[in-house]
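The values are calculated or read from the model by the stated rules, or taken from the named source; none is laboratory data. Predicted model, so just to flag it, every value in this text is computed and none were measured. With ideal geometry, Cβ positions are generated from the backbone for all residues, glycine too; neighbour counts draw on all protein chains shown. Quick note on the areas: whole protein, heavy atoms, side chains included, nothing else; ligands and nucleic acids left out. Shrake-Rupley method; radii C 1.70, N 1.55, O 1.52, S 1.80 Å.
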Amino acid sequence: MALLTDLYQVTMAYGYWRAGRHRVPAAAELFFRRCPFRGAFALGAGLAEGLRFLRAFRFSAADIAYLRSVLPSTTEEDFFEYLATVDASEVTISSVPEGSVVFSRVPLLQVKGPLLVVQLLETTLLCLVSYASLVATNAARFRLLAGPATKLMEMGLRRAQGPDGGLSASKYSYIGGFDCTSNVLAGKLYGIPVQGTVAHSFIMSFTSLAEVEPRVLTPLAGGEPVDLPSLAESWLPQVCELLQVSPDKVNRGELAAFVSYAISFPRNFQGLLDTYCVMRSGLPNFCAVALALNQLGYRAIGVRVDSGDLAKQSKEIRRVFRACGSRFQVPWFETISIAVSNDISEESLEDFIRERSEINVIGIGTNLVTCPLQPSLGCIYKLVKVNGFPCLKLTEDEEKMTIPGTKTVYRLYDADGHPFMDLMALEEEPAPSAGQELTVHVLGRSGEASKVTPATVETLHRTYFRDGQVCEELPSLPEVRSYAQAALGQLSPAHRRLHEPEPYPVAITEKLHLLFGELRQASL
């Protein structure tokens, strides 16, 4: 993967090597300037993939041969020989734990090592962290909107930007709070729960009950197999009478599809209701098959609707389930799960809540994996120190100025346990203490310094990579997911809300503020 980079990284590496600067110590930081989706926070993700890349970072003989073909013919041969020796054994990586809540201007990763290697890592680390953090954040927003009780299913593989994008979306939406994925390969690779039942094509492939084969199903308690198509057909007039639907309007091909699927998966029967008409066909057919299964000792697990007014239909479906449960003395019927899909967005979830829907499961694809509200997190990677001297990028756009020097970042908590500020300090500064009054300068606010007193202080970054090896045990994916949800739960409601949140302040110490001013003045 060493070639998964931009060519200008390699040309700069050659420039460093030619100038004899390739081994001077350097430090860089990876961060973003603005929180995504007009929110106040992001979830940091991609650390495990980044560490895997670092362990394997080196140029193979084939890589070197290719670089010879694309670099100018004047490139010295000794450079290629040097590249063959380059690895990440002298690199140190500090990072927020994967799944952490992070804020603008605060480094997700801090990278130290020889200048040439620090430079070569830039593009790949950005690639591995930016999209991962964006999708995890997008998923977290859906989870916050849906609340803890509603099940969220990621089903965006067919809409994703290629197979790598699809796998990444499945993995990082799980960290963000989704419960499962339809992506089978993601389930195998990452251990994410996989779910999926039936699509419209299966329903449309049947035209009559005569096509159902095999026809019989053995009762759950054992005994003689029963002809399920006949049993379901015997329930249909009773259901239609209850629903005041004409049996002649019910699509028999749909009934056949439901029966066939129920015979294949009697313990996991779920009906897709909207192939023809939910109320006149899909729902009566489902109820007839579910009642037939119940007679044999099985329970249907749910229905799905993929079109129309989903909130309204969910309430109508629940009303029918309650009526069936009461009429036919099947109490569990009213608790059958109702799932919806169909280009679900944040606005859709807000509508479901406002209309008090009866939806239990929400499948989200396009608006999750493609992040249409903000296609890129816009992470950047900048040098902050070279050969012992702090670096500062100056620009007319103040937002694009970097914060110089190698830093320690602290999260300050109030007495209620909510984080209220992240504070960046130079590495050599003493760590702040709980109960200590601090003088800080909030980024983006002009004027004098502020005074704050934290109830608790947390150091944000941990060292994860040193001497070519991962030096801290990495949590499992479910553990990262739990950590992310706990971190989101710590945010104050003002910072957690999705629309017009209160901006979360990020500040620097007095000493770092003075250094920043000195470097700016020296560059004028």
Exactly one condition in (1) in a helix (DSSP H, G or I); (2) open to solvent by 80 Å² or more (accessible area, probe 1.4 Å) is false for I175; which is it? (2)
Where in region 278-385 are there helices (runs of 4 or more DSSP H), lying wholly inside it, with at least 2 residues that are more than 30 Å from L126 (Cβ to Cβ), in contact (Cβ under 8 Å) with a residue 12 or more places away in the chain and of a type in the set (A, V, I, L, M)? 283-295, 310-327, 346-354
Is it the case that region 120-141 has a residue that's without any contact (Cβ under 8 Å) to a residue 24 or more places away in the chain, among the hydroxyl-bearing types (S, T, Y) and either part of a loop (DSSP other than H, G, I, E, B) or open to solvent by less than 30 Å² (accessible area, probe 1.4 Å) (or both)? no
Working only within region 481-524, note down all residues that are basic (K, R) and out of contact with any helix residue (DSSP H, G or I) (no Cβ under 6 Å at 6 or more places or on another chain). R496, R497, K511, R520
P375 passes all but one of the listed conditions (1) crowded, with 19+ Cβ neighbours inside 10 Å; (2) within 30 Å of F178 (Cβ to Cβ); the exception is number (1)
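Every residue, every condition in (1) within 11 Å of the chain's Cα centre (by Cα); (2) small (G, A, S), yes or no:
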| position | (1), (2) |
| --- | --- |
| T123 | no, no |
| Y131 | yes, no |
| L134 | yes, no |
| F142 | yes, no |
| G147 | no, yes |
| T150 | no, no |
| R158 | no, no |
| S168 | yes, yes |
| Y174 | yes, no |
Before we move on, is T75 of a type in the set (V, I, T), out of contact with any Phe, Trp or Tyr (no Cβ under 7 Å at 6 or more places or on another chain) and surrounded by fewer than 19 Cβ atoms within 10 Å (Cβ to Cβ)? no
Scan (1) surrounded by fewer than 16 Cβ atoms within 10 Å (Cβ to Cβ); (2) in contact with a Gly (Cβ under 7 Å, 6 or more places away or on another chain) for the single condition R58 breaks and write down its number. (2)
Looking at region 26-33, can you tell me whether even one residue there is surrounded by 14 or more Cβ atoms within 10 Å (Cβ to Cβ), within 29 Å of E472 (Cα to Cα) and aromatic (F, W, Y)? yes
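Where residues in region 196-211 are over 18 Å from S281 (Cα atoms) and surrounded by 14 or more Cβ atoms within 10 Å (Cβ to Cβ), which of them is modelled with the highest pLDDT?
Of region 196-211, the ones over 18 Å from S281 (Cα atoms) are 196-197, 210-211.
Now restrict to residues that are surrounded by 14 or more Cβ atoms within 10 Å (Cβ to Cβ): 196-197, 211.
Working: G196: 91, T197: 84, E211: 97.
Looking at residues that are over 18 Å from S281 (Cα atoms) and surrounded by 14 or more Cβ atoms within 10 Å (Cβ to Cβ), I get E211.
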Is it true that Q270 is in the same structural domain as Q238 (by TED's automatic domain parsing) and open to solvent by 50 Å² or more (accessible area, probe 1.4 Å)? no
Set E241, E224, E233: member being free of Cβ contacts under 8 Å to residues at least 12 places away in the same chain, more than 18 Å from D306 (Cα to Cα), out of contact with any Asp or Glu (no Cβ under 8 Å at 6 or more places or on another chain) and assigned to a helix (DSSP H, G or I): E241
For region 1-100, which helices (runs of 4 or more DSSP H) that fit wholly inside it have 3 or more residues that are closer than 25 Å to G405 by Cβ? 7-18, 47-56
Is one or more of the residues making up region 125-138 among the β-branched types (V, I, T) and out of contact with any strand residue (DSSP E or B) (no Cβ under 8 Å at 6 or more places or on another chain)? yes
Tell me, yes or no, whether region 185-192 has at least one residue that is in a helix (DSSP H, G or I), buried (at least 22 other Cβ atoms within 10 Å of the Cβ) and free of Cβ contacts under 8 Å to residues at least 40 places away in the same chain. yes
Scan region 1-57 residue by residue and report those that are under 25 Å from P97 (Cβ atoms) and basic (K, R). R33, R34, R52, R55
Report yes if some residue within region 214-222 is closer than 29 Å to N285 by Cβ and either at pLDDT below 95 or open to solvent by less than 30 Å² (accessible area, probe 1.4 Å) (or both); otherwise report no. yes
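With the structure loaded, tell me whether T85 is open to solvent by 20 Å² or more (accessible area, probe 1.4 Å), assigned by TED's automatic domain parsing to the domain that holds S482, of a type in the set (V, I, T) and under 20 Å from L47 (Cα atoms) or whether it fails that test.
Working: open to solvent by 20 Å² or more (accessible area, probe 1.4 Å): yes; assigned by TED's automatic domain parsing to the domain that holds S482: yes; of a type in the set (V, I, T): yes; under 20 Å from L47 (Cα atoms): no.
No, not satisfied.
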Counting just the residues of region 483-524 that are surrounded by 14 or more Cβ atoms within 10 Å (Cβ to Cβ) and hydroxyl-bearing (S, T, Y), which one comes out farthest from K385 (Cα to Cα)? S492
